[in-house]
There are 2 protein chains.
Amino acid sequence: MTLVLLFVIACGLAAIAYGFVTGKAVVSADAGSARMQEIAGAIQEGANAYLKRQYTTVAVVGVVIFVIGFFLLGWEVAVGFAIGAILSGAAGFIGMNVSVRANVRTTQAAATGGLEAGLSMAFRSGAVTGMLVAGLALLAIAIYFSLLTGIGNEAGSRTVANALIGLAFGASLISIFARLGGGIFTKGADVGSDLVGKIEAGIPEDDPRNPGVIADNVGDNVGDCAGMAADLFETYVVTVGATMVLASILFNASGVVNELMLYPLLIGGVCILSSIAGTYFVKLGANKSIMGALYRGLIVTAVLTIPGVLIANLLSIGFGEPFAGAGFTGWSLFACALIGLAVTAGIVVITEYYTGTDYRPVRSVAKASETGHATNIIQGLAVSMESTALPVLVIVAGLLSTFGLGGLYGVGIAVTTMLALAGMIVALDAFGPVTDNAGGIAEMADLDASVRETTDALDAVGNTTKAVTKGYAIGSAGLGALVLFATYTEDLAFYFKDVPVNFSLSSPYVVSGLLVGGLLPFLFGAMGMMAVGRAGGAVVEEVRRQFREDKGIMAGTSKPDYARCVDMLTKSAIKEMVVPSLLPLLSPIVFFFVIDLVGGRAAAFSALGAMLLGVIVTGLFVALSMCSGGGAWDNAKKYIEDGHHGGKGSDAHMAAVTGDTVGDPYKDTSGPAVNPMIKITNIVALLLLAILAH
Amino acid sequence: MTLVLLFVIACGLAAIAYGFVTGKAVVSADAGSARMQEIAGAIQEGANAYLKRQYTTVAVVGVVIFVIGFFLLGWEVAVGFAIGAILSGAAGFIGMNVSVRANVRTTQAAATGGLEAGLSMAFRSGAVTGMLVAGLALLAIAIYFSLLTGIGNEAGSRTVANALIGLAFGASLISIFARLGGGIFTKGADVGSDLVGKIEAGIPEDDPRNPGVIADNVGDNVGDCAGMAADLFETYVVTVGATMVLASILFNASGVVNELMLYPLLIGGVCILSSIAGTYFVKLGANKSIMGALYRGLIVTAVLTIPGVLIANLLSIGFGEPFAGAGFTGWSLFACALIGLAVTAGIVVITEYYTGTDYRPVRSVAKASETGHATNIIQGLAVSMESTALPVLVIVAGLLSTFGLGGLYGVGIAVTTMLALAGMIVALDAFGPVTDNAGGIAEMADLDASVRETTDALDAVGNTTKAVTKGYAIGSAGLGALVLFATYTEDLAFYFKDVPVNFSLSSPYVVSGLLVGGLLPFLFGAMGMMAVGRAGGAVVEEVRRQFREDKGIMAGTSKPDYARCVDMLTKSAIKEMVVPSLLPLLSPIVFFFVIDLVGGRAAAFSALGAMLLGVIVTGLFVALSMCSGGGAWDNAKKYIEDGHHGGKGSDAHMAAVTGDTVGDPYKDTSGPAVNPMIKITNIVALLLLAILAH
């Protein structure tokens, strides 16, 4: 193992160490009154029930794919798959476990120390998840890579490349289950418990007598926290892995393939250090701006990343041409990394504009609520569609400039740098569900209204940061499109030299592939939305049953069976996520063989390649519009609740609640799950090539 | 002029003759009581006010472009542009004028003769519009083509090709104004008059005291009828024109370029005859199924088209290879035409499934309304997204099979055959706004409830047929994508032989073009939705002003100033449509020059080409989802009003009204305007090539 690899692994371990130390500090904080702890305990109990069922099911699928992979592609791919799957699951598990403990402590901190203390507690718990996600992802790749090269494989060999693809596949597979299952769970619980509790039983939101209310709070943790953590773990692994695979393919003959494969890992390593440093700068300033505090941390991280990447260059490729005729220099790759930072900054600023309560879009949705449910929805949909334009232009600018500077590898380095900030970005995101839960606990435990006001202020910012993460994750997929596609074409050239594949837009197979790929995100999005409807229905029935069979629940004399409700919802979510998850898994395979049948092998390869781009093109728009639109609806409601347009209880508020509910499956189920869906479609295509070549 | 051209022109004249005869029969029918005629007169007055303003504005834009075109590209292009623009406007003008007269006569027919008579009146008025659209479109191309060749131009010359592109551009430009302006008008009126009338003043829907209520009815005519007619005229001209241009480019050296250019015109001619025949089969059967009656007409048309195309083959290219080494025969082109019919049938059936009250999707939206506004919207959005999948698969199957049979020209023939049915399809569509108006008149004139029931039954079918037309128009754009793109690439090869343009998906310029093209329909859709919101606001203020300044209106003693309200809304709609209309007009130009600056000429050509496909790929999904989703919401409301889930006035009905309102700008403003938007982007790119080459 080289010194460089040791440095990378040390950075990964630093992230884990940060997670343990900060996690311990969070857990040892005051957890509040017995009542608060009782509620938090119920949420935690529910979370465990969910994990048990989800991991049991996912394990079965995982074992089947492990065995298939083992026999079709060898142990290296299968073990890579297992590592990716297990660590992706672990990232979600840890994320959820931290946040179910941090929620009540945030309530208590807000109650005793106000905004400053609440912010600090919620953010630190998010940072634990963030650092563990980034650390585990970096360690997984670095250690498996050194293991494979340590036992004699060349860094640029197919064995190593395929093993890294296997690793990415494992991460993606768990991630789509976690995102979709978690998303269906959380929004099914949200919609379902509201319907029976508020409408049928006439009890307020967040009332502990409602057997579904704990599931609702569990949902925040399993969807927004565990699902998000698994998703970002996957995005990190796929991006860094694909950039390494690309380097191994493009530079195999260069003599410095090892250095060029390690460079992305080094960027990941130094960014962990800058992210850790950044977390210490998240503090409320004189202007009491929560977003300002979070931004300070992010900006410090970004600024510190600049010397960090310089160090990465020093340690590996230097600043000149890494090899004769490379067509790029160390300086130009450094510039690509800076562009990656700029794209991240661009997406953050744009997403804040579209989902923050201070700007036109959210305010226009709030204003439109004055004239009813329909105008709220119309304006929200318009905002959601409009919000796709600027991020896409930023992505295109990033794509063209990095390609110009460093070719495909330059694009890969930019995306790697984006994802290298994942520790900090996830920290900002995981902050959201914690504050959401904290508000629920404050309400249920009958704390002073000022506590709820504090947590609501944090929660409103959380809605924006959640949207930011989703925009960032999907944006990286858009920018990484060319990297993934290039990996596909290079693989094709490697395995099937003799098949004349035509990727020109004037081929009908290419157009067909673009269209069929394009329909996947729409169909997938529709399935997710409908699944939420059905899962919500299952909750309605379970809650009705409990009310019917135990009259003591409504009287407040007996405790509802929270765990059973959570378990039912888990079952329903797991069942509902199967078909949508199969869509990206099977579509590339089915489409390939159909076109193979009608047009032959070369046509099938072009059509499949175009499908990969088609799914990215429409997926980018579907995901961006859903995530930003949902965030805008949510915050428009918050803006009204802050006393605008009539405030809480007004007609405008009723309309805004409708918009918020519509935005729920948009931003928390279908939208974010599009990101792993795109990756799975791409990775399945890559594995299909490897299998066909065997 | 050849015999074939004379035959084509005779077919076009037959359509015009049918329009005049049937139109006369419609107009001479009983127009009902004085009260009904008074209401209808107000609608007609409003329609004239709209036309006056719209054509004044459009004329200014048209003259400017005419002059620019004249100096940059010569008189042939400029005159073509003028013909396309004037006839597209005429198609809309006639369509609206027929339907503002047929509405009250349909009410009267339904009142005196029941369903059978109402259906017959509404359908015949639609058929007038349909035949005039198809006839004018065919005549425009055929006559201008014979004129150009008559004065000595070769059929396959650039002059003729560019003149046809100019003709298509004129049609598209008016069409986007008509679709967008009409869409903003109709939905602004709908939303605005409901808001003041129902919510503020507390008067029922369709109450003649509401100054906005006539604008609402005018809107049905200017949006759904005039806008749709201009749109279909444009789609027809662009499709047939592009196929002819493609033939002129591909077969210039073949010796039979004339025959291959006339073949699409012949298909257009024979289909007019089969469409006219089909209209006589639209009669209510024993089962009283309205949809069944309309389908009978459509099926007869489709069946008669088969021998018609055989005749077209006989008259031009025969059944063998049209020239040595053509790679296709007359029989295979015949098969392509049949596939065009099959694609049309597929889209009709799928759209009916997604928007008809008899099937799962609409019923699921109705069922979801039981649990509130939000669940109605969630389910509606899910249905709208899901509804894109099957049409796209049908389009892909059509694309691959016709390309296999007849190459690019085969694809063009299939799309031409689809559009050749426009006479019949427009008849089915124009039927919708007439029945919608008829219902409003029945309500306002206090006719027996049974009359409204009859018109409502017709209107529910109208919602489906309207969605069918939109799906058909946008579907043809999807299938025609390759034809338009091929025209672009062939033009490129013709004008810029020396520029090495790369359309491979692995070029970053191609990926950028796909993404930037992809964002246009989203941004355009968002603009349309927001414009409806603002136009609605303008109506609210005008109606409030009239109520305030003339107390006699509410008392029923003085007549509100309908025309002023219509005029205001027209102004607002015209103003609002400018920026969205500039989007497809300017984007290709700006994008081309930006890429030219950063990547050079070859990169700019690839990026622009990819942009054309990008706008088609996402545009197809955006338009299909908006049109079907809107139709599903509308009919879910109708289904509930028919007595399901609690019927009129129930909570489910309230939720369904919300869904219907959201669906309005979806299906009647943004969704359908995407179709001309795609075309304009493509045609501007073609003209840009011609200008750059000059």
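Here segment A:198-221 is the region considered, the condition is being of a type in the set (Gly, Ala, Ser) and surrounded by 24 or more Cβ atoms within 10 Å (Cβ to Cβ), and the residue that is farthest from the chain's Cα centre (by Cα) is A:Gly212.
Inspection of segment A:641-651 identifies no residue that is within 13 Å of chain B (Cβ to nearest Cβ) and touching a helix residue (DSSP H, G or I) at 6+ places or on another chain (Cβ under 7 Å).
Give the residue that is surrounded by the fewest Cβ atoms within 10 Å (Cβ to Cβ), with candidates limited to residues of segment B:295-330 that are polar (S, T, N, Q) and under 16 Å from B:Ile413 (Cβ atoms). Can you show your working first?
Keep residues of segment B:295-330 that are polar (S, T, N, Q), which gives B:301, B:305, B:313, B:316, B:329.
Remaining after also requiring under 16 Å from B:Ile413 (Cβ atoms): B:305, B:313, B:316, B:329.
Numbers: B:Thr305: 28, B:Asn313: 21, B:Ser316: 23, B:Thr329: 18.
By that ranking, first place goes to B:Thr329.
In the set (1) modelled with pLDDT of 90 or more; (2) within 29 Å of B:Thr435 (Cα to Cα), B:Leu265 fails one condition alone, (2). Within segment A:142-178, being in a loop (DSSP other than H, G, I, E, B) and not acidic (Asp, Glu) holds for A:Ile151, A:Gly152, A:Asn153, A:Ala155, A:Gly156, A:Ser157.
With B:Thr129, B:Thr56 as the choices, which residue is surrounded by fewer than 24 Cβ atoms within 10 Å (Cβ to Cβ) and modelled with pLDDT under 95? Even if it seems obvious, please write down each step before you answer.
Numbers: B:Thr129 fails: surrounded by fewer than 24 Cβ atoms within 10 Å (Cβ to Cβ).
One residue alone meets the criteria, B:Thr56.
Return the total of residues in segment B:390-412 being out of contact with any Ser or Thr (no Cβ under 7 Å at 6 or more places or on another chain) and either open to solvent by 10 Å² or more (accessible area, probe 1.4 Å) or away from chain A (no Cβ under 11 Å) (or both). So that I can check it myself, show each step before the final result.
As a first pass, look at segment B:390-412 and keep what is out of contact with any Ser or Thr (no Cβ under 7 Å at 6 or more places or on another chain): B:390-395, B:397-398, B:401-404, B:407-409.
Remaining after also requiring either open to solvent by 10 Å² or more (accessible area, probe 1.4 Å) or away from chain A (no Cβ under 11 Å) (or both): B:390, B:393-394, B:397, B:401, B:403-404, B:407-409.
Total satisfying the criteria: 10.
Identification of helices (runs of 4 or more DSSP H) wholly contained in segment A:346-451 with 1 or more residues that are among the aromatic types (Phe, Trp, Tyr) and closer than 29 Å to A:Val222 by Cβ yields A:422-444.
Just one residue in the set B:Val622, B:Val594, B:Val578 is within 13 Å of chain A (Cβ to nearest Cβ), assigned to a helix (DSSP H, G or I) and open to solvent by 10 Å² or more (accessible area, probe 1.4 Å); that residue is B:Val594. Just one of the numbered conditions (1) touching a Phe, Trp or Tyr at 6+ places or on another chain (Cβ under 9 Å); (2) crowded, with 18+ Cβ neighbours inside 10 Å; (3) under 29 Å from A:Ile141 (Cβ atoms) is not true of A:Val61: (2).
Which is open to solvent by 10 Å² or more (accessible area, probe 1.4 Å) and closer than 30 Å to A:Ile184 by Cβ, of A:Ala253, A:Ala242? Walk me through it before giving the result.
Values: A:Ala253 fails: closer than 30 Å to A:Ile184 by Cβ.
Criteria check complete, one pass: A:Ala242.
You will find that of A:Ser587, A:Ser558, the residue that is touching a residue at least 40 places away in the same chain (Cβ under 8 Å) and not aliphatic (A, V, I, L, M) is A:Ser587 and no other.
Scan segment B:10-50 for residues that are surrounded by 19 or more Cβ atoms within 10 Å (Cβ to Cβ), hydrophobic (A, V, I, L, M, F, W, C) and in a helix (DSSP H, G or I) and jot them down. Scanning segment B:10-50 gives B:Cys11, B:Ala15, B:Val26, B:Met36, B:Ile39, B:Ala40, B:Ala42, B:Ile43, B:Ala47, B:Ala49.
Looking at B:Glu549, B:Glu541, B:Glu490 in this structure, which one is touching a residue at least 12 places away in the same chain (Cβ under 8 Å), of a type in the set (D, E, K, R) and open to solvent by 10 Å² or more (accessible area, probe 1.4 Å)? Exactly one of B:Glu549, B:Glu541, B:Glu490 is touching a residue at least 12 places away in the same chain (Cβ under 8 Å), of a type in the set (D, E, K, R) and open to solvent by 10 Å² or more (accessible area, probe 1.4 Å), namely B:Glu490. All but one of (1) of a type in the set (Gly, Ala, Ser); (2) modelled with pLDDT under 90; (3) open to solvent by 10 Å² or more (accessible area, probe 1.4 Å) hold for A:Ser476, so report the exception by its number. Going through (1) of a type in the set (Gly, Ala, Ser); (2) modelled with pLDDT under 90; (3) open to solvent by 10 Å² or more (accessible area, probe 1.4 Å) one by one, A:Ser476 breaks only (3). State yes or no: is B:Leu333 modelled with pLDDT of 95 or more and surrounded by 15 or more Cβ atoms within 10 Å (Cβ to Cβ)? The answer is yes for B:Leu333. Pick from segment A:328-345 the residues that are assigned to a helix (DSSP H, G or I) and among the β-branched types (Val, Ile, Thr): which of them is farthest from the other protein chains (Cβ to nearest Cβ)? Selected residue: A:Thr344.
Cβ separations smaller than 7 Å between residues 6+ apart or across chains give the following pairs from segment B:367-387 residues that are more than 8 Å from chain A (Cβ to nearest Cβ) to residues that are open to solvent by 20 Å² or more (accessible area, probe 1.4 Å) and not aliphatic (A, V, I, L, M): B:Lys367/B:His645; B:Ser369/B:His645; B:Glu370/B:His645. Reported count of residues in segment B:597-608, each being away from chain A (no Cβ under 13 Å) and open to solvent by less than 30 Å² (accessible area, probe 1.4 Å), is 1.
Residue count for segment B:271-294 under the criterion of being closer than 14 Å to B:Ala337 by Cβ and open to solvent by 10 Å² or more (accessible area, probe 1.4 Å): the result is 0.
Within segment B:457-512, the set of residues being of a type in the set (Asp, Glu) and at the interface with chain A (Cβ under 10 Å from one of its Cβ atoms) comprises B:Glu490 only.
Where helices (runs of 4 or more DSSP H) fall entirely within segment B:179-286, those with at least 3 residues that are touching a Leu at 6+ places or on another chain (Cβ under 9 Å) and of a type in the set (Val, Ile, Thr) are at B:228-250, B:257-279.
The values are calculated or read from the model by the stated rules, or taken from the named source; none is laboratory data. Nothing here was measured: the structure is a model prediction, and the numbers come from that model. We place every Cβ from the backbone using ideal geometry, glycine too, and count neighbours over all the protein chains shown. Protein only, heavy atoms only, side chains kept; ligands, DNA and RNA dropped before computing areas. Shrake-Rupley method; radii C 1.70, N 1.55, O 1.52, S 1.80 Å.
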